[in-house]
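Worksheet for the structure shown next.
The values are calculated or read from the model by the stated rules, or taken from the named source; none is laboratory data. Not measured: the values here are computed from a predicted model. Using ideal geometry, Cβ is built from the backbone for each residue, glycine included, and neighbour counts are taken over all protein chains shown.
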Amino acid sequence: MDGDRLDMSERGILAYGAYIPQRRLPRKVIADAMAWASPSLKAQGKGERAVRAWDEDSLTMAVEAARDCRLDGLDAPANLVLASTTLPFADRDNAAVIAEALHFDEHISTLDVSASQRAGTAALAGALQKDASSLLLAADCRDAKPASGLEMQTGHAAAALFIGNGGPLLARCIGQRSISRDLVDHYRAQGERFDYVLDDRWLRDEGFFKIIPETVRALLTDTGTEAAAIDHAIFPCPKRVAARLAKVLGLAETAPGDDLAANCGHTGAAHALLLFAQTLQQAKPGAKILLVGFGQGADAFLFETTPKLADYTPRLGVAGHLARRQEETSYLRYLAQQGSVNVDWGHRAEFDNRTAMTAFYRNRDSITGFAGGRCQECCTVQFPQTKICVNPDCQANDSQVAISLSGVRGEVKSFTEDWLAISTNPPLQYGNVELEGGGNIFMEFTDCEPGSLTVGAPVEMRFRIKDVDKRRRFTRYFWKAKTMQES
Amino acid sequence: MATGIKDKVAILGMGCTTFGERWDAGAEDLMQEAFAEALDDAGIERDQIDAGWLGVFYDEQSLGKSAIPLSMTLRLPNIPVTRVENLCATGSEAMRGAVYAVAAGACDIALALGVEKLKDTGYAGLPERTKGSFDDLWMPGYTAPGAFAQLASAYATRAGITMTDLKQAMAHVSWKSHQNGALNPKAHLRRPITIEQALNAPMVAKPLGLYDCCGVSDGAACAIVTTPEIARSLGKQDLVTVKAMQLAASNGVEAGHASWDGSYTMTTRKAAERAYAEAGIDNPRKELDLVEVHDCFSVTELILMEDLGLSAEGAAPKDILDGVYDRDGDMPCQVDGGLKCFGHPIGASGLRMAYEIYSQLLGRADQRQLDTPSLGLTHNLGGIPNRNIASIAVYGLAG
């Protein structure tokens, strides 16, 4: 194996980003609701976990993590990889949807990587071994049975890494090692919603404490690195396990950082990369970062940050997303929105919203990419792009060029909270939004508490689930307006 | 403008069913009921009708497509029949077809019939239907109350009034229509309400509560039209003629351009301007004796008072609270209860409005009869504030 190692010293991280949904479920809410069934939950009722909104999934979260990256000055990636164990589609390239949502040129290679908690780091290893650049997105939103340990421990989030060698690296990869070993501490069979979880002490002793040290030691040997020289160590494991691993490996006691257990939860295939994004946001130039992914083996990476790191900040990053917080106070609402409670949504919800796939294909630039038109005569930005300009004082023919509206801001012109409309998060909130550049769109508002909308409020655009065809299990995506919290 | 339609067409007879939850009747029964009254009023034989227009919105809900159900149900003598549909302005569209056919000289006597059988859905509110294969992909899953509720936040912003004050005026609109509906034996909702009930009703789509929303009803309404000459030759003394009939449709500006502020219906303003010109009305507030407008929601009626030029810009809430539009006010609006209480069987509503104006002008409105009105307006709106059709007609006594 040793002879095949690639020199990756000139490859590394060009940008990073993160996304954590703003809805947070305090674990005490779970404990209060379910301790009758499992009294031991009471002791776990501390902190909170991130929960996807009803209109989010791994795909939409990955899009937002990508949008959290600052890619200014970088060429578009040659590869787009999505790592997740909770891909919305088992057979439809989820990464291809993301590439269109991000408005990438279609001459891009897209790939979904799945089936292990290690999917994120496995995809990172793959990206580092490629010559061309990759945007790697890792996202997970695992469902967990009510009152289960996973319900307490997991969270939903996404991370993004831009990997390449064509620009100023924020962190160089010094080395990488993997071990593949089929230890079944938990699994989820194809088509199943929930994990089947085995004894966590066995996972700790035979998994974490054996596989991770073996992998890391090999990496340290490969790279001739002293354990004590590691500044940051990322283990996607419980805090006590990480502390013990640091000790066993001879790392500094301070090397393991915040594992986000307190305010986000373990985010599955995204977790190692989410912690990496957090670490990069905190690390100083010249820092050595040990990154470990775990699941049926382990991936270990050694990175060294560069002086360029100080010049980079993601739009919000982990810290910024954690600061945007909306507390979920109802355990039942959380369950209903994860699909665990069969709520009577009324006769209207029987509506058959089958998608005309041919119409979707023709219009996917508008729908997935949120392409509108910008009139070259009067500069009016409009949606959808049409043959004749919408400006009544212009109405020029064939004057519009496509423009992505995903980054365009707007202002609430009118709104309602509709209790009659079909929604799993009533009231459905929507209204007219005036676009920067003179257009208007009638659109849905998202991540919006009833009572918070006002006319004139500034909004920005978010890629979200529009609706789900329950009969055919087809998820439709479109863009929604979210009020900007900064203002 | 072309010469216009003024006084070229007279109403020979009209009919209207009782609106409401007509569990007893299918669409065919409702059509027969309205037609029988109209035919009797017209004093002609069925076979004297030369052409027919059928207005029905949810074809998939009751009758199916085409105007064949009209011909079959009424056993019309194989005359030309046409189904028309223009959202909630469908009834007015049927009337427009018949009126224009007579005015064009294409036929002597024409029939317009609008019908809707909504209560076979088995649930409250309007049926949920596709918006079209492209629009389904991006438009919010709006409902009618939610789409019209938009007017409230935008109007309050433009007029500079609080939502509380706006709600008060909206409550008065609904209170007034319930008062009026109580006097109408054919109305769906005949129980008066208090202002407090309107204000405190459960929220449907903020700020529209239950009493801000019109009824979802079954019903049919029918008109038989001809030329004034033929009407006189058939022995009609008092004639109600069409003074104007104008329609304006959105072209996408409201839905797609910032120049529209969301607080009014652009189409109503355009159609009203054309209708007043066609009818020769200079001052609508002074010259019109009553109006029947598209009060699908209380806030719609409120903003329409300004769109129709009856209230000055920003003055509608005050005029409403001052009782201008009450039955004993300066400009009675919805004396039959309106969509709010007479009910809103979509395909029939435009014709129902005409039926009330016709009845009032001929002094046949019984308990709710106004004092010698001679000119009335109907305003029928199809769609939602940012994409719609406004259909306006003016009816008056022939000089």
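Yes/no matrix, rows are residues, columns are (1) of a type in the set (Gly, Ala, Ser); (2) more than 23 Å from residue B:149 (Cα to Cα); (3) within 7 Å of chain B (Cβ to nearest Cβ):
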position: A:429; (1), (2), (3): no, no, no
position: A:443; (1), (2), (3): no, no, yes
position: A:449; (1), (2), (3): no, no, no
position: A:470; (1), (2), (3): no, yes, no
position: A:482; (1), (2), (3): no, no, no
Exercise. Any residue in the stretch B:215-225 that is buried (at least 18 other Cβ atoms within 10 Å of the Cβ), within 14 Å of another protein chain (Cβ to nearest Cβ), in contact (Cβ under 8 Å) with a residue 24 or more places away in the chain and not small (Gly, Ala, Ser)?
Worked result: yes
Exercise. If you take the residues of the stretch B:194-214 that are more than 13 Å from chain A (Cβ to nearest Cβ) and of a type outside the set (A, V, I, L, M, F, W, C), which of them is nearest to residue B:59 (Cα to Cα)?
Worked result: B:211
For this session: Please list, ordered by first then second residue, the pairs with beta carbon atoms under 9 Å, 6 or more apart or interchain, first in the stretch B:357-370 and of a type in the set (A, V, I, L, M, F, W, C), second assigned to a helix (DSSP H, G or I).
Result: B:365/B:356; B:365/B:359; B:370/B:360
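What residue, of A:408, A:412, is under 18 Å from residue B:163 (Cβ atoms) and more than 7 Å from chain B (Cβ to nearest Cβ)? Give the derivation first.
Values: A:408 fails: under 18 Å from residue B:163 (Cβ atoms).
Only one candidate qualifies: A:412.
For the stretch A:370-487, list the strands (runs of 3 or more DSSP E) that sit wholly inside it and hold at least 2 residues that are in contact (Cβ under 8 Å) with a residue 24 or more places away in the chain and surrounded by 15 or more Cβ atoms within 10 Å (Cβ to Cβ); which are they? First the steps, then the outcome.
Working: elements: A:371-375, A:400-404, A:410-412, A:416-418, A:428-435, A:440-444, A:458-469, A:474-483.
Passing ranges, in order: A:371-375, A:400-404, A:410-412, A:428-435, A:440-444, A:458-469, A:474-483.
So in the stretch B:109-152, with the set limited to residues that are among the aromatic types (Phe, Trp, Tyr) and at the interface with another protein chain (Cβ under 7 Å from one of its Cβ atoms), which one is farthest from residue B:26 (Cα to Cα)? Give the steps one after another, and end with the answer.
Narrowing the stretch B:109-152 to residues among the aromatic types (Phe, Trp, Tyr): B:123, B:134, B:138, B:142, B:148.
Then drop every residue that is not at the interface with another protein chain (Cβ under 7 Å from one of its Cβ atoms), which leaves B:123, B:134, B:138, B:142.
Details: B:123: 16, B:134: 33, B:138: 35, B:142: 28 Å.
Top of the filtered list is B:138.
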Exercise. Across the stretch B:296-352, what is the total count of residues that are under 13 Å from the mean Cα position of the chain (by Cα) and not in a loop (DSSP other than H, G, I, E, B)?
Worked result: 16
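Does the stretch A:462-487 hold any residues that are more than 22 Å from residue A:349 (Cβ to Cβ) and touching a Gly at 6+ places or on another chain (Cβ under 7 Å), and which are they?
Step one: filter the stretch A:462-487 for residues more than 22 Å from residue A:349 (Cβ to Cβ), giving A:462-463, A:479, A:481-487.
Scanning the stretch A:462-487 gives a single hit, A:481.
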Exercise. Applying the selection to the stretch A:363-386, what residues are farther than 11 Å from residue A:438 by Cβ and within 8 Å of chain B (Cβ to nearest Cβ)?
Worked result: A:363, A:366, A:367, A:383, A:384, A:386
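Can you tell me how many residues in the stretch B:153-166 are surrounded by 22 or more Cβ atoms within 10 Å (Cβ to Cβ) and more than 14 Å from chain A (Cβ to nearest Cβ)? Explain how you work it out, then say what you get.
Residues of the stretch B:153-166 surrounded by 22 or more Cβ atoms within 10 Å (Cβ to Cβ): B:153-156, B:166.
So of that shortlist, the ones also more than 14 Å from chain A (Cβ to nearest Cβ) come out as none.
Qualifying residue count for the region: 0.
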Seminar exercise, completed: Over the stretch A:321-350, the set of residues surrounded by 13 or more Cβ atoms within 10 Å (Cβ to Cβ) and within 14 Å of chain B (Cβ to nearest Cβ) is A:345, A:346, A:347, A:348, A:349
Seminar exercise, completed: Subset of the stretch A:61-79, residues surrounded by fewer than 24 Cβ atoms within 10 Å (Cβ to Cβ), of a type in the set (A, V, I, L, M) and either assigned by TED's automatic domain parsing to the domain that holds residue A:460 or touching a Phe, Trp or Tyr at 6+ places or on another chain (Cβ under 8 Å) (or both), comes to A:71, A:74, A:76
Exercise. Do we have residue A:422 as under 19 Å from residue B:135 (Cβ atoms) and of a type outside the set (Lys, Arg) here?
Worked result: yes
For this session: Look through B:160, B:141 and report the one residue that is more than 20 Å from the chain's Cα centre (by Cα) and within 19 Å of residue A:418 (Cβ to Cβ).
Result: B:141
Seminar exercise, completed: Scanning the stretch B:41-79 residue by residue, those of a type in the set (Ser, Thr, Tyr) and closer than 28 Å to residue B:234 by Cβ turn out to be B:71, B:73
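Whether any residue in the stretch B:118-137 is crowded, with 22+ Cβ neighbours inside 10 Å and not aliphatic (A, V, I, L, M) is what I want to check. Give the derivation first.
Going through the stretch B:118-137, the residues crowded, with 22+ Cβ neighbours inside 10 Å turn out to be B:118, B:137.
If we keep only those that are not aliphatic (A, V, I, L, M) too, we end up with none.
No, because not a single residue in the stretch B:118-137 is crowded, with 22+ Cβ neighbours inside 10 Å and not aliphatic (A, V, I, L, M).
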For this session: Would you point out the residue of the stretch B:232-249, among those that are buried (at least 19 other Cβ atoms within 10 Å of the Cβ) and of a type outside the set (A, V, I, L, M, F, W, C), that is farthest from the other protein chains (Cβ to nearest Cβ)?
Result: B:236
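Rundown of residues vs (1) crowded, with 20+ Cβ neighbours inside 10 Å; (2) over 18 Å from the mean Cα position of the chain (by Cα); (3) touching a residue at least 12 places away in the same chain (Cβ under 8 Å), yes/no style:
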{"residue": "A:243", "(1), (2), (3)": "no, yes, yes"}
{"residue": "A:255", "(1), (2), (3)": "yes, yes, yes"}
{"residue": "A:276", "(1), (2), (3)": "yes, no, yes"}
{"residue": "A:285", "(1), (2), (3)": "no, yes, yes"}
{"residue": "A:318", "(1), (2), (3)": "yes, no, yes"}
Exercise. Can you tell me which residue in the stretch B:324-369 is nearest to residue B:397 (Cα to Cα), limited to those that are surrounded by 24 or more Cβ atoms within 10 Å (Cβ to Cβ) and among the small types (Gly, Ala, Ser)?
Worked result: B:354
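The rows are residues; the columns are (1) outside any loop (DSSP other than H, G, I, E, B); (2) touching a helix residue (DSSP H, G or I) at 6+ places or on another chain (Cβ under 6 Å); (3) at positive phi.
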| position | (1), (2), (3) |
| --- | --- |
| A:309 | yes, no, no |
| A:329 | no, no, no |
| A:339 | no, no, yes |
| A:361 | yes, no, no |
| A:366 | yes, no, no |
Exercise. Do we find that residue B:69 is assigned by TED's automatic domain parsing to the domain that holds residue B:22, in contact with a helix residue (DSSP H, G or I) (Cβ under 6 Å, 6 or more places away or on another chain) and farther than 22 Å from residue B:387 by Cα in this structure?
Worked result: no
Exercise. Out of all the residues in the stretch B:250-266, is one or more within 22 Å of the chain's Cα centre (by Cα) and either closer than 21 Å to residue B:355 by Cα or more than 14 Å from every other protein chain (Cβ to nearest Cβ) (or both)?
Worked result: no
For this session: Kindly indicate whether residue B:229 is assigned by TED's automatic domain parsing to the domain that holds residue B:103 and surrounded by fewer than 17 Cβ atoms within 10 Å (Cβ to Cβ).
Result: yes
Exercise. Under 6 Å by Cβ, and 6 or more places apart or on different chains, what pairs join a residue from the stretch B:281-300 that is without any contact (Cβ under 8 Å) to a residue 60 or more places away in the chain with one that is assigned to a loop (DSSP other than H, G, I, E, B) and crowded, with 19+ Cβ neighbours inside 10 Å?
Worked result: B:285/B:310
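Checking the conditions here, which among B:278, B:273 is in the same structural domain as residue B:375 (by TED's automatic domain parsing), in a helix (DSSP H, G or I) and surrounded by 18 or more Cβ atoms within 10 Å (Cβ to Cβ)?
Details: B:273 fails: surrounded by 18 or more Cβ atoms within 10 Å (Cβ to Cβ).
It is B:278.
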